[in-house]
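Written out below as structure tokens is the structure these notes cover.
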Amino acid sequence: MPALEDYLGQTNLGWFDRVFDGRQLRVLGYQRQIVPANWKLMFENIKDPYHASLLHVFLVSFGLFRADMPSAVQMDASGQHAVLVSSKGEQKASEATAEMKSFRSDLTLADPRLLDPVREFPGSATVVMQTIWPNLIVQQQSNTLATRQLVTRGPGAFELHWTFFGYADDDEDMTTRRLRQANLMGPAGLVSIDDSEVLRLAQLGCRAGEGASALVEMGGRDLSDSEHIVTEAAIRAFYAHYRRVMEL
Amino acid sequence: MSPGGAVERARLRDFYDDYVAYLDEGDFDSWLDLFVEESEYRVVSRENLERGLPLATMRCDSRRMLADRIHTIRRTQTFAPRALRRFVSGIRPQRESDSGLEVRASFLVAESLGDEPTRVHLAGRYVDLVVSVDGALKFRRKVAVYDAPIIPISLIYPV
């Protein structure tokens, strides 16, 4: 059994320690949902960073996450863990957004307290999504800190157990900010609803073609890190590791 | 408002019937009108509530934030179409104070999704604060506490 530090590898350990920096954590609460899809689709979802620009109109329109933001996908040596790192853009139209079907420049909030993010970690990253083999997601999206545990319920369903947290020394404003931003995540999340709904549809689609196979090779077959997020390298690395573990 | 009177009980019943009908029919503008401007809306799990944890599954700190929720459902979210039907029973006025009348009730939400059989999506209780504004009842606070800790797939529309 390797030590946690060795298990995570240097890159992922660095991002992990960014949130779990030794300060005492404060659990804000739990959310759970059951999704009728294979558990690997959930990991694919987090390891496929470019879907966010296509699917999550909320994130794109409010400038929280876009494919044209400075981003990177990094893995450990084994490819079993991965991290997506991205820095916030602005909610403004550009040449790139003109081509984004999911961008709504006229969207505004009547009560902007819903977002109101503040910088709380060193560096420019505002979205850090870690997938840790075999079943843990650690996320920092603006000021929403959460873990998601995948609990499998057979090949056709999994549960997602969300734990939202902050720090024991957060002031009241920061706690309220985290609780409000939690509206974006979980079973009722303004962003994550898209994912659970689409995973269900993906599973329905797969089930219809049992025994059939399809192959899409976006960007070839390599498994290397990337300085942008229009890549599926982390998904390929995940499946390479999965096949090793399952001896497929 | 005298909470014990038969007339007031009937008026409360009508108020909750309107609430449910507007939501079920997707008449969100009328539904939003049932809240005062500075209102609180929460959907929380019983688990969090009983452990004293502040996290809500859906949280709106004003009527404007509630309108934002509705607006983003319509404009930004991707989900399979579904029919929801809400049932409210046991509407019971509790204490009346300067801030309003506390009302408790049970709710059940039935969800019909795609070609699957209808299932119970959520069940729980409301813990509400109702006020009278220019003769009309409104929510100052509405908290839907759901019993099971786990939600089937997703919770898109308010409870």
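Rolling a 1.4 angstrom probe over chain A with all protein chains present gives an accessible area of which 54% lies on carbon and sulfur atoms. Residue-wise HN-Hα couplings along segment A:233-239, as the Karplus relation 6.51 cos²θ - 1.76 cosθ + 1.60 with θ = phi - 60° gives them from phi, are 4, 5, 5, 4, 5, 4, 6 Hz; Gly and Pro carry x. The Cβ shell under 11 Å around B:Arg42 holds other residues with a net charge of 0, Lys and Arg each +1, Asp and Glu each -1.
Inter-label distance, A:Met1 to B:Ala6: 6.9 nm, where each label sits 7 Å from its Cα along the C-beta direction. Using a probe of 1.4 angstrom and keeping all protein chains present, the accessible surface of segment A:163-248 works out to 51 square angstrom per residue. Given the whole protein assembly as supplied and a 1.4 Å probe, what does the accessible area of A:Cys206 come to in Å², nearest 10? Rounded to the nearest 10, the figure is 80 Å².
Kindly state, to the nearest 0.05, the FRET efficiency for A:Val216 paired with A:Glu247, given R0 = 25 Å and r defined as their beta-carbon distance. Efficiency, from the Cβ-Cβ distance: 0.50. Placing R0 at 22 angstrom, the Cβ-Cβ distance between B:Val133 and B:Glu25 gives a FRET efficiency of 0.40 after rounding to 0.05. If you wrap the Cα atoms of chain B in a convex hull and average its projected area over all directions, you get 9.6 nm².
Counting only protein chain heavy atoms and rolling a 1.4 Å probe, the accessible areas of A:Arg148, A:Arg221, B:Arg51 rank, largest first, as A:Arg221, B:Arg51, A:Arg148.
Working from Cα pairs under 8 Å separated by at least six residues, relative contact order for chain A is 28 percent. The B-A contact accounts for roughly 3500 square angstrom of buried accessible surface, both chains included, probe 1.4 angstrom.
Averaged over residues, the count of other Cβ atoms within 10 Å places the peptides A:36-44, A:182-190 in the sequence A:182-190, A:36-44, highest first.
Take the Cα of B:Ser106, step 7 Å toward its Cβ, do the same at A:Asp169, and the gap between the two points is 4.9 nm. In this structure, the amide hydrogen of B:Ala80, modeled 1.01 Å from its nitrogen in the peptide plane, lies closer than 5 angstrom to no residue at least 5 positions away or on a different chain. For A:Thr108 and A:Leu54, FRET efficiency with R0 = 30 Å and r from the beta-carbon atoms, rounded to 0.05? Using R0 = 30 Å, I get an efficiency of 0.85.
Remark: accessible surface ordering of B:Ser62, A:Ser124 (largest first) is A:Ser124, B:Ser62, probe radius 1.4 Å. In this label model, A:Ser78 and A:Leu25 are separated by 2.1 nm, measuring between points 7 Å along each Cα→Cβ vector. Counting only alpha carbon atoms, the long axis of helix B:6-25 and the longest principal axis of chain B meet at about 20°.
Taking chymotrypsin sites (Phe, Trp or Tyr not before Pro) across segment B:86-159, none is in a DSSP loop with at most 10 further Cβ atoms lying within 10 angstrom of its Cβ.
Net charge in the neighbourhood of B:Met65 (other residues with Cβ under 9 Å of its Cβ; Lys, Arg +1, Asp, Glu -1) is +3.
Solvent-accessible area per residue in segment B:6-159 equals 43 Å², computed with a 1.4 angstrom probe and all protein chains kept.
Net length available on complete extension from A:Thr147 to A:Asp116 is 9.0 nm, with 0.36 nm assigned per residue and the Cα-Cα distance removed. Solvent-accessible surface, computed for protein heavy atoms with a probe of 1.4 Å, shrinks by 40 Å² or more for the following residues of segment A:153-186 when the other protein chains are added to the isolated chain: A:Leu179, A:Arg180, A:Asn183.
Backbone phi angles across segment A:201-213, fed through the Karplus curve with coefficients 6.51, -1.76 and 1.60 (θ = phi - 60°), yield HN-Hα couplings of 5, 4, 5, 4, x, 5, 4, 5, x, 4, x, 8, 9 Hz in residue order; Gly and Pro are listed as x.
Charge tally for A:Leu13 (other residues, Cβ to Cβ under 14 Å; Lys, Arg +1; Asp, Glu -1): -4. For the segment B:147-157, counting C-beta atoms of other chains within 10 Å of every residue's C-beta and taking the mean gives 6. What the Kirkwood sum gives for the protein assembly as shown is a hydrodynamic radius of 22.6 Å, with every pair of different alpha carbons counted.
The values are calculated or read from the model by the stated rules, or taken from the named source; none is laboratory data. Fair warning: this is a prediction, and the values are worked out from it, not measured in the lab. Quick reminder, even Gly has a Cβ in these numbers, built from the backbone with ideal geometry, and neighbours come from all protein chains shown. With ligands, DNA and RNA removed, areas are computed over all heavy atoms of the protein, side chains included. Shrake-Rupley method; radii C 1.70, N 1.55, O 1.52, S 1.80 Å.
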